[in-house]
Amino acid sequence: QVHLVESGGGLAQAGGSLRLSCVSSARILSINSMGWYRQAPGSQRELVASIHSVDSTMYADFVKGRFTIAGDTAKSTVYLQMNRLKPEDTAVYYCNVRAYRADVMGLVDYWGQGTQVTVSS
């Protein structure tokens with residue numbers, strides 16, 4: 001069974017940086033995309049950034065120019081470099097890997113347990 005484990009969260013001051021990592025317990029085949037989502041208290045989970053199998057990246061407008069996503073599909077790992085952090089970036093950050101599985105003949109989502117990021121003003 002695949003488990004995604006995030007690390008790198010914590011407390012940062014506004015303007016500071018954090019780097020999140022997500023490592024899979026087993027190699028995931030046929031990865032379609034890898035990404036990071038976040039969820040603040042009282043809010044829905046939202047997409048922060050994603051990287052696709054053709055190495056194309058996508059960023060939410062609220063992190064463009066500040067966050068950078070990188071991934072290694074061979075190692076089933078994904079990273080999120082977060083610079084110029086703002087208090088509104090405070091949330092639980094979740095990594096996601098979407099992959100094709102032949103046994104279900106479709107795409108499945110794997111999720112990490114989440115890592116807390118808190119940005120103080």
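A quick yes/no check of all residues on (1) open to solvent by 70 Å² or more (accessible area, probe 1.4 Å); (2) under 21 Å from SER7 (Cα atoms); (3) in contact (Cβ under 8 Å) with a residue 12 or more places away in the chain; (4) touching a strand residue (DSSP E or B) at 6+ places or on another chain (Cβ under 6 Å):
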residue: TRP36; (1), (2), (3), (4): no, yes, yes, yes
residue: GLY42; (1), (2), (3), (4): yes, no, no, no
residue: ILE69; (1), (2), (3), (4): no, yes, yes, yes
residue: THR77; (1), (2), (3), (4): no, yes, yes, yes
residue: ARG84; (1), (2), (3), (4): yes, yes, yes, no
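For every residue, the table says whether it meets (1) on the phi > 0 side of the Ramachandran plot; (2) under 13 Å from the mean Cα position of the chain (by Cα); (3) among the small types (Gly, Ala, Ser).
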{"site": "SER43", "(1), (2), (3)": "no, no, yes"}
{"site": "GLU46", "(1), (2), (3)": "no, yes, no"}
{"site": "ALA49", "(1), (2), (3)": "no, yes, yes"}
{"site": "SER56", "(1), (2), (3)": "no, no, yes"}
{"site": "VAL63", "(1), (2), (3)": "no, yes, no"}
{"site": "THR73", "(1), (2), (3)": "no, no, no"}
{"site": "THR77", "(1), (2), (3)": "no, yes, no"}
{"site": "MET82", "(1), (2), (3)": "no, yes, no"}
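Filter the stretch 99-115 down to the residues that are more than 12 Å from the chain's Cα centre (by Cα) and part of a strand (DSSP E or B), then identify the one that is surrounded by the most Cβ atoms within 10 Å (Cβ to Cβ).
ALA99
If I filter the stretch 8-17 down to residues being open to solvent by 30 Å² or more (accessible area, probe 1.4 Å) and aliphatic (A, V, I, L, M), which single residue comes out as farthest from LEU80 (Cα to Cα)?
In this case the residue turns out to be ALA14.
Please count how many residues of the stretch 54-75 are in a loop (DSSP other than H, G, I, E, B) and either farther than 9 Å from MET34 by Cα or in contact with a Phe, Trp or Tyr (Cβ under 9 Å, 6 or more places away or on another chain) (or both).
Number of matching residues: 12.
Any residue in the stretch 17-26 that is touching a His at 6+ places or on another chain (Cβ under 6 Å) and either over 26 Å from SER120 (Cβ atoms) or aliphatic (A, V, I, L, M) (or both)?
Yes, the conditions are met somewhere in the stretch 17-26.
The values are calculated or read from the model by the stated rules, or taken from the named source; none is laboratory data. This structure is a prediction, so every number in the text was calculated from the model and none was measured. Ideal geometry is used to build each Cβ from the backbone, glycine not excepted, and the neighbour counts take in all protein chains shown. Accessible surface areas use protein heavy atoms only, side chains included; no ligands, DNA or RNA. Shrake-Rupley method; radii C 1.70, N 1.55, O 1.52, S 1.80 Å.
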